[in-house]
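The values are calculated or read from the model by the stated rules, or taken from the named source; none is laboratory data. Please read all numbers here as calculations on a predicted model, not as lab measurements. Backbone-built Cβ (ideal geometry, glycine too); neighbour counts: all protein chains shown. Side chains are part of the model used for accessible areas, which takes the heavy atoms of the whole protein and leaves out ligands, DNA and RNA. Shrake-Rupley method; radii C 1.70, N 1.55, O 1.52, S 1.80 Å.
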Amino acid sequence: MPQGRRTRILIVDDSAVMRTLLRSVINSDPGLEMVGSAVNGESALDMMESLRPDLVLLDVEMPVMDGVQTLRELRARNIRIPVIMCSSLTQRGAAVTIEALSAGASDYVAKPCGQSNLTGATQALSQDLLPKIHALAGKRQPQPTRQAVTTPAALAPIQLCSSMPPAVVAIGVSTGGPAALDVVLPQLPASFPLPVLIVQHMPEVFTQMLAERLGRTCPLRILEAFEGSPVSAGTVYIARGNWHMEVRAAGIPGHPHTLHLTQAAPENHCRPAVDVMFRTATAVFGGGVLGVVLTGMGSDGLAGARLIHARGGTVLVQDEVTSAVWGMPGAVARAGLAQRVLPLHSVAAEILRLAGRAESEARALPETMVS
């Protein structure tokens, strides 16, 4: 997008109240411009050619054509602009939003609830929505790629990998996360020998739906973490929304380590926070932590990656080309803490290689997958 030009936004929502709220948020920022609004997905698709928006704010539930159908049609037409879903914090709203995020939506915002007036609702929505719009502005949805990218000269040198084999995989991810996890996790076989811990920035009801959806498509067992969960090989644990996930050392020799959920203060404005998981995993597993930082806004995971690196563990990050937002992985890469900077479709093969699987098994992975 040319420098100085305002970001052009199309609003798609069947609620007049929500359209008014979104218009107020957009008008409050001089860098944004609302170029149109539609009451359903079919109308929005008809407007795309004439309006040419840079970003779409898309309601999840609408008559005629809902948000997921609209998103899939946009991608089928190779319209790769960012899409932010607008969702209610209900079980159904969460389930449909997870489906949309896995189908290629860039991010989501929760519709305001509990505010007593329009001003309060607008302020609450602004705080959540505006940073996401600016992080995504001008960023087209990443296309799948098979080739590793050359590390930019601006990045610190890539470090050598730890000689210590990993004992646990810890993945941190935010914006664009469900679609990224939909690529990485199905490539890990049911025989994968390590536990996998995941922090995805999401509200509570959303993480449950994410675990359930991934569980239907992945060979590994996938659970939303619960208090006292044993950290078992071949199981994926997704941190519960609004709860930090800590790793606790086994109190009795021969017993498994466990997970502890806490509502301690947010870190990096996040709960759950990647840094909490990385820090406590390193305290328990030392240099046996394989940290993976995928697409996401902000820098959550940077402090934890420093600890993993200092203890002799290994850190992988997703590259900029395939990231929805290169905030979290970019911060780690620029700090020189990443052993490898990889396109998304190469991450699972590298995890398998580092986990000690035969190189022939890693090479046998499909070279391309459609997320």
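The table that follows gives values for the structure above.
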quantity: Ordering of 273-286, 10-23 by burial proxy (mean other Cβ atoms within 10 Å per residue, highest first); calculated: 273-286, 10-23
quantity: Cα-only Debye scattering, the range 171-309: base-10 log of I(q)/I(0) at q = 0.11, 0.14, 0.17 Å⁻¹; calculated: -0.34, -0.57, -0.87
quantity: Ala137 long-range amide H proximity, modeled H, under 5 Å; calculated: none
quantity: The chain: relative contact order as a whole-number percent, Cα under 8 Å and 6+ apart; calculated: 15
quantity: Accessible area of Cys113 in the full protein assembly, 1.4 Å probe (Å², nearest 10); calculated: 90
quantity: Principal axis dimensions, largest first and in whole angstrom, of the range 162-203 by Cα; calculated: 33, 21, 17
quantity: Accessible-area composition of the chain, carbon plus sulfur, in percent [1.4 Å probe]; calculated: 52
quantity: Counted charge near Ser102, where neighbours are those whose Cβ lies closer than 9 Å (Asp, Glu -1; Lys, Arg +1); calculated: -1
quantity: Mean accessible surface per residue for the range 214-353, computed with a 1.4 Å probe while every protein chain stays in place, in Å²; calculated: 35
quantity: Accessible surface, the range 1-129, averaged per residue in Å² (probe 1.4 Å); calculated: 44
quantity: Sites Met164 and Glu204 - FRET efficiency at Förster radius 30 Å, r taken between beta-carbons, to 0.05; calculated: 0.30
quantity: Environment charge of Pro186, counting only residues whose C-beta is closer than 13 Å and scoring Lys/Arg +1, Asp/Glu -1; calculated: +1
quantity: Radius of gyration and Dmax over the Cα atoms of the chain, both given in Å; calculated: 20.4, 67
quantity: Dipole magnitude of the chain, debye to nearest 20 (Cβ charges: Lys/Arg +1, Asp/Glu -1, about Cα centre); calculated: 680
